[in-house]
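So the structure is just underneath, and the comments pick up after that.
The values are calculated or read from the model by the stated rules, or taken from the named source; none is laboratory data. All figures in this text were calculated on a predicted structure; none of them were measured in a lab. Methodologically, a virtual Cβ is constructed for each residue, glycine included, from the backbone with ideal geometry; neighbour enumeration extends over all protein chains shown.
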């Protein structure tokens, strides 16, 4: 164990001892990750995590597995600022370790009140009183915040042995017991007993439930408002859901009515095309497929483009107001109105660009394709 790893261990040990946190160690090759965790008074539905570790062997393929950091997804280096990305690449080229610090807190809502990350490189891996005091103050503030939230609901959940999941859009709590689902409000009052095979709370106060493969729209008193003749109903997003019947896909609203036609071979979930920030959403579309070709549907089920695309590359809520699409084996862009922005002569590039020969292209703020001036790091030059 070199000097940096010793410092990580000493710092984690100090935090664990002084702040009353349980410490766990994950070790794989040269990788060390120290988990410091605390179950709060609302156990088991509120806890804090402080993870201190090193970028190392497990950074093989541009990603770091969050399984090591207490989750099941992936954390991409690209989520850091350009300055931090450059720092990690530089350290890896020099064979220096990079220290990772993550502080997170979760409650019944499975929502992080704060997820703060820090990176410290190589010889700069020094931990001082400032770091310790900052983490201590952060932890005390979060303990107080969690203690004041969701208390009534948590008491009911705990007393009944239910597993909760907070549903943001309806402000309700989905609970599960013995593989059956029910619903509570935020005061812990029972809306639906856990009797259903599936449940989708709606923003208007009603609920869509499935029992013995039959779907129904019910009110909060449990009265059936409407029987829904669908095979499956996905979770509602912004008041709309994808459904299937007889192998065909369609879209319904919160009243259970089909919007457009139930004729598609596949429909992907609702995604947003926005311009540079999440608040300024220009348009929201479903991606739909007919006979192997893709196109766009709006939230009313109207077809917004011809179904001519081999593939649509909507990665997350796409920022910038444009999306990469493939037609006849070549790539181009469409804008937030689903209009084609360029000729389809480009090759796909994994860095959010399109490639033509050795040059990379991407739309600017005005939607005009321009050559990317600063060439990204070559695949073979990636340091991990």
Residue check for residue 348: modelled with pLDDT under 95, surrounded by fewer than 20 Cβ atoms within 10 Å (Cβ to Cβ) and part of a strand (DSSP E or B): yes
Quick check on residue 221: is it in contact with a helix residue (DSSP H, G or I) (Cβ under 9 Å, 6 or more places away or on another chain) and assigned to a loop (DSSP other than H, G, I, E, B)? no
Are there any strands (runs of 3 or more DSSP E) wholly within the stretch 82-187 with 3 or more residues that are modelled with pLDDT under 70 and in contact with a helix residue (DSSP H, G or I) (Cβ under 9 Å, 6 or more places away or on another chain), and if so which? 115-121
Against the condition part of a strand (DSSP E or B), modelled with pLDDT under 95, surrounded by 17 or more Cβ atoms within 10 Å (Cβ to Cβ) and assigned by TED's automatic domain parsing to the domain that holds residue 199, how does residue 283 come out, does it pass? no
Checking residue 310 against (1) surrounded by 18 or more Cβ atoms within 10 Å (Cβ to Cβ); (2) modelled with pLDDT of 80 or more, which single condition isn't satisfied? (1)
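Residue-wise test of (1) surrounded by 14 or more Cβ atoms within 10 Å (Cβ to Cβ); (2) modelled with pLDDT under 95; (3) not assigned by TED's automatic domain parsing to the domain that holds residue 250.
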{"position": "198", "(1), (2), (3)": "yes, yes, no"}
{"position": "204", "(1), (2), (3)": "no, yes, no"}
{"position": "221", "(1), (2), (3)": "no, yes, no"}
{"position": "224", "(1), (2), (3)": "no, yes, no"}
{"position": "228", "(1), (2), (3)": "yes, no, no"}
Matching residues, the stretch 327-345, being modelled with pLDDT under 85 and either touching a helix residue (DSSP H, G or I) at 6+ places or on another chain (Cβ under 8 Å) or not in a loop (DSSP other than H, G, I, E, B) (or both): 335
Within the stretch 1-28, restricting to residues that are assigned to a helix (DSSP H, G or I) and touching a helix residue (DSSP H, G or I) at 6+ places or on another chain (Cβ under 9 Å), the one that is modelled with the lowest pLDDT is 4
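Per-residue answers, yes or no, for (1) part of a strand (DSSP E or B); (2) in contact (Cβ under 8 Å) with a residue 60 or more places away in the chain; (3) over 24 Å from the mean Cα position of the chain (by Cα); (4) farther than 24 Å from residue 298 by Cβ:
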residue	(1), (2), (3), (4)
204	no, no, yes, no
209	yes, no, yes, yes
243	yes, no, no, no
251	yes, no, no, no
259	yes, no, yes, no
263	yes, no, yes, no
